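The values are calculated or read from the model by the stated rules, or taken from the named source; none is laboratory data. Owing to the predicted nature of the structure, the values given are computational and were not obtained by experimental measurement. Cβ: placed from backbone, ideal geometry, glycine included. Neighbour counts: every protein chain shown. Ligands, DNA and RNA are excluded from the accessible area calculation, which covers all protein heavy atoms including side chains. Shrake-Rupley method; radii C 1.70, N 1.55, O 1.52, S 1.80 Å.
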Amino acid sequence: MVNSMILKILHLTLHSDAPMRGDAAKLRGFFATRFNEYALLHQHVTDKLIYRYPLIQYKMLQGSPLVLGINEGAEVLKEIYDKFDEIKLGERSYSIVERGVILKSEEFGCCPEIHSYRFATPWLALNQRNYPIYLDAPWRERKDLLRRILVGNILSSSKGLGYVAKEHIRLEVGRMQDEICLLKGAKVTGIRGEFTTDFAIPESMGLGKSVSRGFGAVTRLK
(Lines give C-alpha, C1' and ligand atoms only; values in the text may rest on other atoms or scores of the structure.)
Protein backbone atom coordinates (compact mmCIF):
# COMPACT_ATOMS: atom_id res chain seq x y z
CA MET A 1 0.00 0.00 0.00
CA VAL A 2 1.69 3.20 -1.20
CA ASN A 3 0.62 6.33 0.67
CA SER A 4 1.68 9.47 -1.21
CA MET A 5 -0.08 12.82 -0.65
CA ILE A 6 -1.10 15.59 -3.03
CA LEU A 7 0.49 19.03 -2.68
CA LYS A 8 -0.82 22.22 -4.22
CA ILE A 9 2.18 23.77 -6.00
CA LEU A 10 2.28 27.22 -7.59
CA HIS A 11 5.14 28.14 -9.94
CA LEU A 12 5.53 31.90 -10.42
CA THR A 13 7.95 32.73 -13.25
CA LEU A 14 9.02 36.31 -13.95
CA HIS A 15 10.49 37.72 -17.15
CA SER A 16 12.15 41.13 -17.09
CA ASP A 17 13.33 43.74 -19.61
CA ALA A 18 16.96 42.57 -19.08
CA PRO A 19 18.59 39.37 -17.77
CA MET A 20 18.54 39.51 -13.96
CA ARG A 21 21.88 39.70 -12.20
CA GLY A 22 21.51 38.43 -8.68
CA ASP A 23 20.95 35.27 -6.74
CA ALA A 24 17.92 33.66 -5.13
CA ALA A 25 18.80 35.22 -1.75
CA LYS A 26 18.44 38.72 -3.27
CA LEU A 27 15.12 37.67 -4.82
CA ARG A 28 13.97 36.46 -1.41
CA GLY A 29 15.10 39.77 0.09
CA PHE A 30 12.97 41.72 -2.39
CA PHE A 31 9.78 39.81 -1.57
CA ALA A 32 10.45 39.78 2.17
CA THR A 33 10.90 43.56 2.22
CA ARG A 34 8.09 44.40 -0.19
CA PHE A 35 5.49 42.09 1.39
CA ASN A 36 6.73 41.96 4.98
CA GLU A 37 3.23 41.21 6.36
CA TYR A 38 3.36 37.66 4.93
CA ALA A 39 5.51 35.55 7.29
CA LEU A 40 5.77 32.66 4.81
CA LEU A 41 7.73 34.88 2.40
CA HIS A 42 10.62 35.34 4.82
CA GLN A 43 10.20 32.68 7.54
CA HIS A 44 10.17 35.20 10.41
CA VAL A 45 7.55 36.21 12.96
CA THR A 46 8.48 39.32 14.98
CA ASP A 47 12.18 38.77 14.20
CA LYS A 48 12.09 35.12 15.30
CA LEU A 49 12.98 32.54 12.66
CA ILE A 50 10.29 29.96 11.82
CA TYR A 51 12.00 26.56 11.97
CA ARG A 52 10.00 24.53 9.49
CA TYR A 53 10.23 23.42 5.88
CA PRO A 54 9.82 26.61 3.77
CA LEU A 55 6.49 26.75 1.91
CA ILE A 56 7.82 29.53 -0.35
CA GLN A 57 11.14 28.94 -2.12
CA TYR A 58 13.10 31.28 -4.39
CA LYS A 59 15.20 30.01 -7.30
CA MET A 60 17.31 31.55 -10.05
CA LEU A 61 17.34 29.14 -12.98
CA GLN A 62 19.34 30.27 -16.04
CA GLY A 63 19.02 33.92 -14.97
CA SER A 64 15.22 33.70 -14.66
CA PRO A 65 13.51 33.97 -11.28
CA LEU A 66 11.13 31.28 -10.11
CA VAL A 67 9.14 31.50 -6.89
CA LEU A 68 7.62 28.22 -5.72
CA GLY A 69 4.66 28.15 -3.33
CA ILE A 70 3.48 24.97 -1.58
CA ASN A 71 -0.02 24.67 -0.07
CA GLU A 72 -0.45 27.83 2.08
CA GLY A 73 2.59 29.26 0.27
CA ALA A 74 0.70 28.89 -3.03
CA GLU A 75 -2.20 30.91 -1.54
CA VAL A 76 0.17 33.72 -0.53
CA LEU A 77 1.69 33.87 -4.04
CA LYS A 78 -1.81 34.00 -5.57
CA GLU A 79 -2.48 37.14 -3.52
CA ILE A 80 0.72 39.01 -4.41
CA TYR A 81 1.90 37.78 -7.83
CA ASP A 82 0.58 40.86 -9.69
CA LYS A 83 1.13 43.47 -6.94
CA PHE A 84 4.53 44.66 -8.25
CA ASP A 85 5.80 45.91 -11.63
CA GLU A 86 9.52 45.83 -10.96
CA ILE A 87 12.01 43.89 -8.88
CA LYS A 88 15.03 45.42 -7.17
CA LEU A 89 18.02 43.11 -6.74
CA GLY A 90 20.87 44.89 -5.01
CA GLU A 91 21.34 48.24 -6.76
CA ARG A 92 19.55 47.28 -9.99
CA SER A 93 15.84 47.42 -10.79
CA TYR A 94 14.18 45.28 -13.45
CA SER A 95 10.80 45.91 -15.05
CA ILE A 96 8.59 42.82 -15.17
CA VAL A 97 7.32 42.38 -18.73
CA GLU A 98 5.69 38.98 -18.31
CA ARG A 99 4.69 36.69 -15.46
CA GLY A 100 3.61 33.08 -15.60
CA VAL A 101 1.46 31.43 -12.96
CA ILE A 102 1.02 27.65 -13.04
CA LEU A 103 -0.96 25.98 -10.26
CA LYS A 104 -0.73 22.20 -10.11
CA SER A 105 -1.70 19.34 -7.84
CA GLU A 106 1.45 17.22 -7.54
CA GLU A 107 2.23 13.92 -5.89
CA PHE A 108 4.64 13.85 -2.95
CA GLY A 109 5.69 10.69 -1.16
CA CYS A 110 6.35 6.99 -1.58
CA CYS A 111 5.25 5.67 -4.96
CA PRO A 112 5.39 2.37 -6.85
CA GLU A 113 7.62 3.74 -9.65
CA ILE A 114 11.32 4.59 -9.50
CA HIS A 115 11.98 8.21 -10.57
CA SER A 116 15.29 9.78 -11.61
CA TYR A 117 16.14 13.30 -10.49
CA ARG A 118 19.01 15.74 -10.71
CA PHE A 119 19.88 18.81 -8.64
CA ALA A 120 19.23 21.89 -10.80
CA THR A 121 20.90 24.01 -8.10
CA PRO A 122 23.64 22.92 -5.65
CA TRP A 123 22.48 20.70 -2.81
CA LEU A 124 23.82 21.69 0.62
CA ALA A 125 24.22 18.20 2.08
CA LEU A 126 27.29 18.70 4.22
CA ASN A 127 27.82 20.42 7.56
CA GLN A 128 30.81 21.00 9.84
CA ARG A 129 30.35 17.56 11.39
CA ASN A 130 30.07 15.38 8.29
CA TYR A 131 32.26 17.40 5.87
CA PRO A 132 35.61 16.07 7.23
CA ILE A 133 34.20 12.50 7.08
CA TYR A 134 33.13 13.10 3.47
CA LEU A 135 36.56 14.52 2.50
CA ASP A 136 38.47 11.54 3.89
CA ALA A 137 36.16 8.83 2.60
CA PRO A 138 36.70 6.76 -0.58
CA TRP A 139 34.05 7.21 -3.27
CA ARG A 140 31.89 4.24 -2.27
CA GLU A 141 31.66 5.47 1.33
CA ARG A 142 31.00 9.03 0.10
CA LYS A 143 28.09 7.74 -1.96
CA ASP A 144 26.69 5.88 1.02
CA LEU A 145 27.02 8.98 3.24
CA LEU A 146 25.27 11.16 0.62
CA ARG A 147 22.53 8.53 0.23
CA ARG A 148 21.81 8.54 3.97
CA ILE A 149 21.85 12.36 4.12
CA LEU A 150 19.47 12.63 1.16
CA VAL A 151 17.01 10.14 2.67
CA GLY A 152 17.18 12.21 5.89
CA ASN A 153 16.50 15.41 3.91
CA ILE A 154 13.45 13.80 2.27
CA LEU A 155 12.16 12.68 5.68
CA SER A 156 12.65 16.12 7.25
CA SER A 157 10.83 17.87 4.36
CA SER A 158 8.07 15.24 4.71
CA LYS A 159 7.72 16.05 8.39
CA GLY A 160 7.44 19.77 7.59
CA LEU A 161 4.66 19.01 5.09
CA GLY A 162 2.74 16.71 7.44
CA TYR A 163 3.55 13.52 5.52
CA VAL A 164 4.58 10.23 7.13
CA ALA A 165 6.42 7.72 4.91
CA LYS A 166 5.00 4.32 5.77
CA GLU A 167 7.44 2.45 3.52
CA HIS A 168 11.21 2.20 3.48
CA ILE A 169 12.54 4.81 1.00
CA ARG A 170 14.73 3.18 -1.65
CA LEU A 171 17.30 5.65 -2.99
CA GLU A 172 20.54 5.43 -4.95
CA VAL A 173 22.86 8.33 -5.75
CA GLY A 174 24.54 8.46 -9.16
CA ARG A 175 27.35 10.72 -10.30
CA MET A 176 27.90 13.54 -7.83
CA GLN A 177 30.38 16.40 -7.91
CA ASP A 178 31.32 19.17 -5.49
CA GLU A 179 30.77 22.82 -6.24
CA ILE A 180 31.83 25.84 -4.20
CA CYS A 181 28.85 28.15 -3.50
CA LEU A 182 28.23 31.31 -1.53
CA LEU A 183 25.79 31.20 1.39
CA LYS A 184 25.31 34.46 3.31
CA GLY A 185 28.70 35.62 2.00
CA ALA A 186 30.59 32.49 3.14
CA LYS A 187 31.99 29.78 0.87
CA VAL A 188 30.32 26.39 1.33
CA THR A 189 30.53 23.10 -0.55
CA GLY A 190 27.45 22.23 -2.55
CA ILE A 191 26.86 19.06 -4.50
CA ARG A 192 25.34 18.52 -7.94
CA GLY A 193 24.37 15.20 -9.40
CA GLU A 194 21.65 12.66 -9.97
CA PHE A 195 19.72 10.17 -7.87
CA THR A 196 16.92 7.63 -8.25
CA THR A 197 14.22 6.88 -5.69
CA ASP A 198 10.72 5.48 -5.23
CA PHE A 199 9.63 8.83 -3.76
CA ALA A 200 7.70 11.42 -5.81
CA ILE A 201 9.13 14.96 -5.51
CA PRO A 202 7.44 17.90 -7.27
CA GLU A 203 9.42 19.80 -9.91
CA SER A 204 11.86 22.44 -8.54
CA MET A 205 11.11 21.65 -4.90
CA GLY A 206 14.19 21.96 -2.66
CA LEU A 207 15.91 19.40 -0.43
CA GLY A 208 18.57 19.98 2.20
CA LYS A 209 19.64 23.24 3.79
CA SER A 210 18.70 26.77 2.66
CA VAL A 211 16.02 25.66 0.19
CA SER A 212 14.23 29.01 0.58
CA ARG A 213 17.39 30.60 -0.88
CA GLY A 214 17.27 28.35 -3.91
CA PHE A 215 19.58 25.49 -2.90
CA GLY A 216 18.82 21.83 -3.55
CA ALA A 217 16.17 22.37 -6.25
CA VAL A 218 15.26 19.05 -7.82
CA THR A 219 14.25 18.42 -11.43
CA ARG A 220 12.86 15.12 -12.69
CA LEU A 221 14.74 13.43 -15.51
CA LYS A 222 12.55 12.18 -18.33
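Relative to its Kirkwood radius, the Cα radius of gyration of the range 28-117 gives an Rg/Rh of 1.01.
For the chain, the relative contact order works out to 28 percent when only alpha carbon pairs closer than 8 Å and six or more residues apart are counted. Comparing mean-square fluctuations of Met60, Met205, Met20 from a GNM of the chain with C-alpha springs under 10 Å, the top value falls on Met20. Candidate values [x] 17.5, 53; [y] 18.8, 60; [z] 29.8, 105 were compared with Rg and Dmax of the Cα atoms in Å computed on the shown model; the agreeing label is [x]. 3J(HN,Hα) along the range 141-158, derived from phi through the Karplus expression 6.51 cos²θ - 1.76 cosθ + 1.60 where θ = phi - 60°, amounts to 5, 4, 4, 5, 4, 5, 4, 5, 5, 5, 4, x, 4, 5, 5, 6, 5, 4 Hz, with x in place of Gly and Pro.
In sequence order, the range 6-21 has phi-based couplings of 10, 9, 8, 10, 10, 9, 9, 10, 10, 10, 10, 6, 8, x, 7, 9 Hz under the Karplus curve 6.51 cos²θ - 1.76 cosθ + 1.60, θ = phi - 60°, and Gly or Pro positions carry x.
The C-alpha atoms of the range 71-115 occupy a region whose extents along the principal axes are 48, 22, 17 Å, arranged from largest to smallest. Cross-link pairs exceeding 31 Å between alpha carbons, from the set Lys88/Lys159; Lys83/Lys222; Lys59/Lys143: Lys88/Lys159; Lys83/Lys222. Note on the chain: with a GNM built from Cα contacts shorter than 10 Å, the maximum mean-square fluctuation among Arg129, Arg170, Arg147 falls on Arg129.
Each stretch of four or more DSSP H residues adds -39500 (n - 2.57); spread over every residue of the chain, this sum gives -6500 deg cm²/dmol at 222 nm. Rounded to the nearest 20, the size of the Cβ-charge dipole of the chain about its Cα centre is 540 debye, with Lys and Arg at +1 and Asp and Glu at -1. With respect to the chain, whose longest principal axis is taken over its alpha-carbon atoms, helix 24-34 is tilted by about 40°. Its residue count N sets the reference 2.2 N^0.38 Å, and the alpha-carbon radius of gyration of the range 157-222 equals 1.24 times that reference. Electrostatic tally near Leu10: other residues with Cβ closer than 10 Å to its Cβ, Lys and Arg +1, Asp and Glu -1, net +2. A simple charge model with +1 on the Cβ of Lys and Arg, -1 on the Cβ of Asp and Glu and nothing else charged puts the dipole of the range 66-113 at about 180 debye relative to its Cα centre. Accessible area per residue for the chain is 53 Å², calculated with a 1.4 Å probe on protein heavy atoms, without ligands, DNA or RNA.
Under 1.5 on a/c is rounded, so check that first for the range 89-194, then, if it is not, pick prolate when a/b is larger than b/c and oblate when it is not; a ≥ b ≥ c are the square roots of the alpha carbon gyration tensor eigenvalues. Oblate shape, in that a/c is at least 1.5 and b/c is the bigger or equal ratio.
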